[in-house]
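Here's the structure we're looking at; comments come further down.
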Protein chains: 2
Amino acid sequence: MDLRDVLAANLRRLRHAKGLSQDDLAYEAEVSRSYLSQIEKGKYYASLKIIEKLASVLQIEPWELLKAPEREK
Amino acid sequence: MDLRDVLAANLRRLRHAKGLSQDDLAYEAEVSRSYLSQIEKGKYYASLKIIEKLASVLQIEPWELLKAPEREK
């Protein structure tokens, strides 16, 4: 599980927790929906600029998007 | 203070804590020294791939590089 997968899992979880669709989050964070979709599939290493924007919309700290939920794995 | 500055400050602090020069860290993380230097100056939004490599060399979790040291600011 690399950092792309950690980001993907956290993003899906936190986006759902806010009741946002991919379209909603992409629109508010000013990224394309297809790019967001790929990030949520763990396809890309996003840049910190994207991480910052997504965290801002989700009202969390950027580092929370990179923290693995289960440390024992 | 945006995420570039948080990364820059953490990187300098954690690199010094390990007793590594920029050359050492750049070499071990397989990035150029000039790129690392710019990141430590807060010039670039690094990608998660770079964050992952740097954290690996510094023996920390990637998210630790993004956590602001002082939350009250």
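Only the coordinates and a few stated rules stand behind these numbers; no lab work does. Only a predicted model underlies this, so the values are computations on that prediction, with no experimental measurement involved. Positions of Cβ are backbone-derived with ideal geometry, glycine not excepted, and every protein chain shown enters the neighbour counts.
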* To do: Just grab the label-to-label distance for A:Y27 and B:E28, each label 7 Å out from Cα along the Cβ direction, in nm (one decimal).
  => 4.7 nm
* Structure fact -> Sequence order, the range B:37-48: Karplus ³J(HN,Hα) from phi using 6.51 cos²θ - 1.76 cosθ + 1.60, θ = phi - 60°, Hz rounded, Gly and Pro as x, gives 4, 5, 5, 6, 9, x, 7, 10, 8, 5, 8, 5
* Once you have all Cα-Cα distances for chain B, histogram them in 5 Å bins from zero and send the whole-percent values. => 3, 18, 31, 30, 13, 4, 1, 0
* To do: Taking a label point 7 Å out from Cα toward Cβ, give me the nm distances from A:D23 to the same spot in the other copies, shortest first, one decimal.
  => 5.6
* Structure fact -> Cross-link reach from B:K41 to lysines, straight Cα distance under 24 Å and at least 8 residues apart if same chain, gives A:K49, A:K53, B:K18, B:K49, B:K53, B:K67, B:K73
* Asked: Residues of A:56-66, mean number of Cβ from any other protein chain within 10 Å of their own Cβ, rounded to a whole number?
  -> 4
* When you look at the Cβ of every residue in A:39-48, what mean number of other chain Cβ atoms sits within 10 Å? -> 4
* **Alpha-carbon Rg with Dmax, taken over the protein assembly as shown, Å** => 15.2, 46
